[in-house]
Amino acid sequence: MCGVIGYIGKGATPDFFFNGLKRLEYRGYDSAGIAMLTSEGIFIERAEGKLANLQNKLKNLPPKAMAGIGHTRWATHGKPTETNAHPHRSGNIVLLHNGIIENHTPLKKMLREKGYNFLSETDTEVAAHLLHFEFSSQNPAEDAHSRMKKAIHKMISQLKGAYAFGILCQEIPDRLYAVKLGSPLVLGIGEGENYIASGITALVEHTQKTIVLEDHEIAYLRADGIEIKNFQGEPVHHAFSKVEWSVAMMEKGGYRHFMLKEINEQPQAIAQTIAGRLNRDTGHVNLEDYGISKIDLKNIDRVQLIACGTSHYASLIGKYFIENVTRIPVEIDLASEYRYRPCTATQKTLTVAISQSGETADTLQAIKYARMSGANTLAIVNVPGSTIAHACHAESLIHAGPEIGVASTKVFSAQVMSLFLLGLAIAQERRSLSAEKQKEIADDLVKAPSLVESCLELSKSIEKLANSYHKYTSILYIGRGPQWGIALEGALKLKELSYIHAEAYAGGELKHGPIALIDENMPVVCLAPQDEYYEKMVSNIEEVRARGARTLTIGFADDQELRDLSDDFIPIPRAPTLLLPFLSAVPMHLFGYWVAVRKGTDVDQPRNLAKSVTVE
Ligand code: AGP
């Protein structure tokens, strides 16, 4: 999951590429590089580590170029070093890559035998030399562009794996080439200039006209136009889409970190997910913009929710609600597991892919697998025009706006709300709820944004709490029912942000082993609002306290019994039971955030992670 940007047009400065990469840095940030093509040649600057390390090398690049490419790397092959950073060069060709070339070893051997020397440990350099070899093998009497087109086809016919390539060639200064299979690539249409990027966030300040390249497509960009063909050489036409995101939405807005901004955006993210879809007077749900009419909700007999990470935890919470209002079985599955088991989906299955980025490779492959087995497929995604959305029959956009912090927060809550709306829509089609009950649920759901807003005031007290917990090396989280999903989400946030080991268990599981972990060195975060599991959770809290655990509990502000059982207490407002996951998610996100700040880790770009995992 690297960040890719490319330009062809009137002229771009080194800062154009640098700023574009900054917008993509959340996709990968262990090394970076820029290549610029001018009449004097190809100039490349690369740096190990954060993008900032590349900034002081920009002065070595030409002040302006008609074409250029830039890359931020999340290492798959080869350590994050300057030598392994992209772009990679082979003769008069320079190339960058997002993805994995699975057969790089035999290709490297073949190319070595043809005299190519490899400077890096990357699979990408193999592609660069292979392309150079095929380009050099073409008939020199043909024009360079025709030779490059043939060389690209020869290269991709030998590659196995996933790739988004950006390619420049010194002999063809007026062209930028892009190739897509399995990794995201978006084209930007400008005035007298055109762009490629791995995400729309890098294009928003230059154009709102974008085209999402599909798998097996090659784009030939010039300053005055873009031609797209498929791998068979047939012309392809894509209408462009208008991106609604603004530059301001990409900025921190005065917050210390993107993550804190996005935690505070949860109320509007939830509100925007509801807007236009839930009729407050009747409780009626209209998911037409999901494209849901393409799916016969009346006749489905099973729902599958497939996702990874935080999105998987959102689907666990969605499961409880959807089963409750529809009485249809809801299976949740890790995408990385789903796709390797026999697929039991049928024409009567609704398989939903939940993904913030819409680019997660495991989720993409799993939903394609489900669709091949006949399932009705729906994407619940946040990024417009994403690959997973294109792979599904129907798409529901979570209107949470760009989420830049690697740790997902506002989109998690919006995903949960989106799944609740889906559940209501299925119930409505199947009449499994009375009109009164549906209206009552809708009345509750619309209260979520203001109740979440009130939970954001906990930030100061949780910041103080972080001082007492940041030194622990392991923390246990417990919850039951939907709060188990919140416990899993809370534990993940702590792990991925502060690098403290954390595990989450369904409270009922404690006595089946995990309670052996409990002593004064293992604090327990207990999610215990007064829902149907409350009494059992109170027993769990008493069990762990009896064994010396420090307890941090989340519960209703006026619950004195719970306060008396807690070493530390985070109060949330009384609210309808179905809203409780939204309310307890906020302190979990804030706790993960403030412990990480206290520990001094890189909150928006935690080590080893990337915002979009586009490799399997
Ligand atoms: C969430 O905080 C993590 N960054 C990660 O688990 C993430 O949810 C997961 O990689 C799935 O990403 P997606 O929603 O974009 O598919």
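Note on segment 47-126 and segment 502-520: Cα centroid distance 46 Å, given to the nearest whole angstrom. Computed from label points 7 Å out along Cα-Cβ, the spacing between residue 247 and residue 511 is 6.1 nm. With 25 Å as the limit, the listed pairs 471/495; 59/150; 460/495 have 59/150 beyond it between alpha carbons.
Compared with the direct C-alpha span, the chain from residue 236 to residue 456 gains 74.4 nm at full extension, assuming 0.36 nm per residue. Residues 143, 333, 30, arranged from fewest to most other Cβ atoms within 10 angstrom of their Cβ, appear as 143, 333, 30. If you plug the beta carbon distance of residue 563 and residue 40 into 1/(1 + (r/R0)^6) with R0 = 60 Å, you get a FRET efficiency near 0.25.
Take each complete run of DSSP H in the chain, measure how far its Cα atoms stretch along the helix's own axis, and keep only those covering 20 Å or more with mean Kyte-Doolittle hydropathy at least -1.0; list them. Don't jump to the answer; show the numbers that get you there.
Numbers: long enough: 144-158 (21 Å, -0.75); 309-326 (25 Å, 0.06); 410-430 (30 Å, 0.96); 482-498 (24 Å, 0.05); 580-599 (29 Å, 0.84).
Going by DSSP H runs, the hits are 144-158, 309-326, 410-430, 482-498, 580-599.
In a fully extended conformation the segment linking residue 121 and residue 331 would gain 71.5 nm over its present Cα-Cα distance, using 0.36 nm per residue. Taking 16 Å as the straight-line reach from the Cα of residue 294, the lysines in range (excluding those fewer than 8 positions away in the same chain) are 348. Remark: 320, 7, 163 ranked as 320, 163, 7, counting other beta-carbon atoms within 10 Å and listing the fewest first.
Quick one: compute the contact order of the chain, relative version, from alpha carbon pairs under 8 angstrom and 6+ residues apart, as a percent.
Values: 1439 pairs, mean separation 74.6, N = 616.
About 12 percent, as a whole number.
With contacts taken as Cα pairs under 8 Å at a separation of at least 6 residues, segment 510-574 carries a relative contact order of 32 percent.
Note on residue 281/residue 542: beta-carbon distance plugged into 1/(1 + (r/R0)^6) with R0 of 30 Å gives a FRET efficiency of 0.10. Taking other C-beta atoms within 10 angstrom as a stand-in for reagent exposure, 259, 537, 249 fall in the order 249, 537, 259, fewest first. Classify segment 310-463 as rounded, prolate or oblate, taking a ≥ b ≥ c as the square roots of the eigenvalues of its Cα gyration tensor: rounded when a/c is under 1.5, otherwise prolate if a/b is larger than b/c and oblate if not. Oblate, since a/c reaches 1.5 and b/c is not below a/b.
Would you work out if segment 467-562 is rounded, prolate or oblate? Take a ≥ b ≥ c from the square roots of the eigenvalues of the alpha-carbon gyration tensor; rounded if a/c is under 1.5, else prolate when a/b is larger than b/c, oblate otherwise. Write out the running numbers ahead of the final one.
Working: a/c = 1.44, a/b = 1.31, b/c = 1.10.
It is rounded, given that a/c, with a ≥ b ≥ c, falls under 1.5.
Legend: residue pairs 64/229; 180/298; 79/511; 57/464; 22/209, Cα-Cα distance threshold 32 Å; pairs beyond threshold, 180/298; 79/511; 57/464. For segment 61-132, the gyration tensor built on C-alpha atoms gives an oblate shape. Its axis ratio a/c (a ≥ b ≥ c) is at least 1.5, and a/b is not larger than b/c.
With an 8 Å cut-off on Cα pairs and a minimum separation of 6 or more residues, tell me the relative contact order of segment 139-236 in percent.
Computed value for segment 139-236: 22 percent relative contact order.
Length gained on full extension, residue 19 to residue 471: 159.1 nm, using 0.36 nm per residue less the C-alpha separation. In terms of overall dimensions, the chain has a Cα radius of gyration and Dmax of 25.5, 86 angstrom. Under the combined filter of DSSP loop state and at most 16 neighbouring Cβ atoms within 10 Å, segment 89-137 retains these chymotrypsin sites (Phe, Trp or Tyr not before Pro): 118.
Since every read-out is calculated from the coordinates, none of them should be taken as a lab result. Values in this document were obtained by computation on a predicted structure and should not be read as measured data. Here the Cβ is made from the backbone with ideal geometry for all residues, glycine too, and neighbour counts use every protein chain on show.
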